[in-house]
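A quick write-up on the structure given underneath.
The values are calculated or read from the model by the stated rules, or taken from the named source; none is laboratory data. Bear in mind that the values here come from a model prediction, so they are computed numbers and not experimental data. For neighbour counting, all protein chains shown are included, and Cβ atoms are generated from backbone atoms with ideal geometry for every residue, glycine included. Surface accessibility is based on the protein's heavy atoms, side chains included, excluding ligands, DNA and RNA. Shrake-Rupley method; radii C 1.70, N 1.55, O 1.52, S 1.80 Å.
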Amino acid sequence: MQRRGVTVWFTGLSGAGKTTITRAIAEELRAKECQLEILDGDIVRENLTKGLGFSKEDRDINIRRIGFVAHLLTRNGVIVLVSAISPYREVREEVRKTVGDFVEVFVNAPLGTCEERDVKGLYKRARAGEIKQFTGIDDPYEPPLNPEVECRTDLEELSESVAKVMNKLEELGYISAKVAV
Ligand code: ADP
């Protein structure tokens, strides 16, 4: 059962596991009949933030726009799952302040693991110089200093990562442990 809105912000390198965890969490929340929305970085860049590039300035605008929408939904009682690399700490903190009900999940796997997975073949292209300003290769990633949850996806099963996030949402009072009847 759902109590109030919250933005759950998944940050991490490409291939760290943000999309995979987000989808699994969404399933769990649907089973609890929670109202939820997913804001996926790749999809957002095709519409809401279409035309933006990967300079620091454009990345910050991208994150601010996602944060703005997340804020609107959160204050209307929705659980918002944001999955975006969001490499810069300062703008993540800015969004945290704007949204208020904000849970940061650091989806963490070493660069080598992400590169080995190369889910979308992007690391190979970045190494070949076909993609510039690729986070982790020739663009920075600033890890959260105090995330509410850290998922080490190179060491944990998906189910463990999902349980960590769900437990935190329960602990913070955003969802109840009981399944809706
Ligand atoms: P991102 O959205 O961060 O770019 P994806 O979710 O698309 O990453 O890809 C992560 C890959 O890592 C998937 O192929 C997934 O199956 C794998 N993986 C292995 N262990 C885990 C885990 N514990 N949590 C999430 N993903 C995992």
Every residue in the range 119-168 that is within 15 Å of the ligand (Cβ to nearest atom), open to solvent by 60 Å² or more (accessible area, probe 1.4 Å), in a loop (DSSP other than H, G, I, E, B) and within 26 Å of Phe102 (Cα to Cα), please.
Leu155, Glu157
Of the residues in the range 100-109, those that are more than 11 Å from Phe10 (Cα to Cα) and either among the aliphatic types (A, V, I, L, M) or within 12 Å of the ligand (Cβ to nearest atom) (or both) come to Ala109
Which of (1) in contact (Cβ under 8 Å) with a residue 60 or more places away in the chain; (2) in a helix (DSSP H, G or I); (3) among the polar types (S, T, N, Q) is the odd one out, the single condition Asn62 does not satisfy?
(1)
Would a scan of the range 83-95 turn up a residue that is surrounded by fewer than 17 Cβ atoms within 10 Å (Cβ to Cβ) and at positive phi?
no
Quick test for you: out of Ile85, Ile25, pick the one residue that is in a loop (DSSP other than H, G, I, E, B), closer than 21 Å to Glu156 by Cβ and not small (Gly, Ala, Ser).
Ile85
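Yes or no, residue by residue, for (1) modelled with pLDDT under 95; (2) surrounded by fewer than 20 Cβ atoms within 10 Å (Cβ to Cβ); (3) under 24 Å from Gly136 (Cα atoms):
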| position | (1), (2), (3) |
| --- | --- |
| Ile21 | no, no, yes |
| Ile25 | no, no, no |
| Ala31 | no, yes, no |
| Leu39 | no, no, yes |
Considering only the range 93-113, I want to know if a residue exists there that is under 17 Å from Thr20 (Cβ atoms) and in a helix (DSSP H, G or I).
yes
Which condition number does Val6 fail, the rest of (1) aliphatic (A, V, I, L, M); (2) over 21 Å from Leu122 (Cβ atoms); (3) within 11 Å of the ligand (Cβ to nearest atom); (4) open to solvent by less than 10 Å² (accessible area, probe 1.4 Å) being met?
(3)
